[in-house]
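The values are calculated or read from the model by the stated rules, or taken from the named source; none is laboratory data. If you're wondering where the values come from, they're calculated on a predicted model, not measured in any experiment. Positions of Cβ are backbone-derived with ideal geometry, glycine not excepted, and every protein chain shown enters the neighbour counts.
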Amino acid sequence: MQMLIIIRGLPGSGKSTLASYIGQGKKQGDDIPICDLEFAHYEADQYFMSKQGVYLYKPELIGEAHKWCQDMTHQSMEDDVDFIVVSNTFSQQWEVDPYLVLANNNNYHISIIECQNSFGSIHNIPEEAIQAMRDRWEEVKP
């Protein structure tokens with residue numbers, strides 16, 4: 001069974017942390033992988049990482065970053081990757097819809113996880129921007 005997992009939440013809610021934990025394929029406190037399935041993880045923030053691991057966000061490129069994320073997800077599906085995790089804010093249904101189409105067209109099961117924690121944004125996103133995302137937040141359906 002191939003699976004697309006969409007992780008959504010406000011900045012600082014734990015999306016990336018959860019995605020990396022899923023990718024480890026381990027039970028908590030265990031060093032033995034629980035599966036040998038292929039895994040891929042994408043998020044728009046990866047588009048802004050330099051080769052040296054420095055986050056260089058450019059707001060004018062956010063559309064390109066999300067297009068890259070969708071393209072990488074599509075390529076992973078064509079490569080038959082078992083588990084694909086995409087972790088972005090996904091505050092509205094239209095942001096999730098392209099991934100649902102990809103999953104349906106490639107016979108991937110879909111799971112949507114919503115992170116609701118508040119650990120603080122590692123990218124220093126202003127509170128006003130987070131509040132704007134909170135204000136437009138809507139329930140999404142697979």
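Every residue, every condition in (1) assigned to a helix (DSSP H, G or I); (2) modelled with pLDDT under 85, yes or no:
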| residue | (1), (2) |
| --- | --- |
| Leu4 | no, no |
| Ile7 | no, no |
| Ser20 | yes, no |
| Gly29 | no, yes |
| Leu37 | no, yes |
| His41 | no, no |
> So, of the residues in the stretch 53-69 that are of a type in the set (A, V, I, L, M, F, W, C) and touching a residue at least 24 places away in the same chain (Cβ under 8 Å), which turns out to be surrounded by the fewest Cβ atoms within 10 Å (Cβ to Cβ)?
Replying inline: Trp68
>> Suppose we filter the stretch 70-111 for residues that are over 13 Å from the mean Cα position of the chain (by Cα), part of a loop (DSSP other than H, G, I, E, B) and crowded, with 16+ Cβ neighbours inside 10 Å; how many remain?
In response: 3
